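Everything on this sheet refers to the single structure shown next.
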Amino acid sequence: MNKTVLDPWIEGYLNYQSQVRRLAPCSISDMRCTFKRVVQTMAEIRPAVELSKVSLEDFLQWVNRQREQGYSVHSINKELSHVRGLLEYAWRNGHANINVLDGFSLRDAA
């Protein structure tokens, strides 16, 4: 298995989810894929800014890109949930001053 290694604090979060919360390996893999995509996109939107320091406006740009690529509201909300959890972890561990996604989700137009 060839897994992508992310920033150490992101890897710490994934390790916490795996070892402490005991999430299933497929859940960890799903989160890792989300974080990899978000990190790559944010490198284009806000180069040289760590994910835990990105603004809400930058995340809104990411959401718009997801929509433009045809992602459903459900898929985007799932990824937002992953990132929101990661940012909460960063905030609780002093790695971020705020979780800019706290309480943020998309409404389904249905």
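All of the numbers you see were taken from the coordinates with simple rules; none came from a lab. All figures in this text were calculated on a predicted structure; none of them were measured in a lab. Every residue, glycine as well, gets a Cβ built from its backbone with ideal geometry; the counts of neighbours run over all protein chains shown.
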The residue that is surrounded by the most Cβ atoms within 10 Å (Cβ to Cβ), considering only those in region 23-55 that are charged (D, E, K, R) and in contact (Cβ under 8 Å) with a residue 24 or more places away in the chain, is Arg32
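Go through region 65-96 and give me each residue that's of a type in the set (A, V, I, L, M) and part of a helix (DSSP H, G or I). Can you show your working first?
As a first pass, look at region 65-96 and keep what is of a type in the set (A, V, I, L, M): 73, 76, 80, 83, 86-87, 90, 96.
Val73, Ile76, Leu80, Val83, Leu86, Leu87, Ala90 - these are the residues of region 65-96 that are of a type in the set (A, V, I, L, M) and part of a helix (DSSP H, G or I).
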Per the filter on region 13-22, residues surrounded by fewer than 16 Cβ atoms within 10 Å (Cβ to Cβ) and touching a helix residue (DSSP H, G or I) at 6+ places or on another chain (Cβ under 8 Å) are Tyr16, Ser18
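Out of the residues in region 67-96 meeting the condition of being under 21 Å from Leu6 (Cα atoms) and polar (S, T, N, Q), tell me which one is nearest to the chain's Cα centre (by Cα). Can you show your working first?
As a first pass, look at region 67-96 and keep what is under 21 Å from Leu6 (Cα atoms): 76, 78-96.
Filter once more, keeping what is polar (S, T, N, Q): 81, 93.
On the way: Ser81: 7, Asn93: 16 Å.
Taking the candidates together, the pick is Ser81.
Being surrounded by 13 or more Cβ atoms within 10 Å (Cβ to Cβ) and either in contact with a helix residue (DSSP H, G or I) (Cβ under 6 Å, 6 or more places away or on another chain) or over 19 Å from His95 (Cα atoms) (or both) is the filter here, so list the residues in region 1-12 that pass it.
Applying the first criterion (surrounded by 13 or more Cβ atoms within 10 Å (Cβ to Cβ)) to region 1-12 yields 6-7, 9-12.
Once the filter is applied, which keeps residues that are surrounded by 13 or more Cβ atoms within 10 Å (Cβ to Cβ) and either in contact with a helix residue (DSSP H, G or I) (Cβ under 6 Å, 6 or more places away or on another chain) or over 19 Å from His95 (Cα atoms) (or both), region 1-12 yields Leu6, Ile10.
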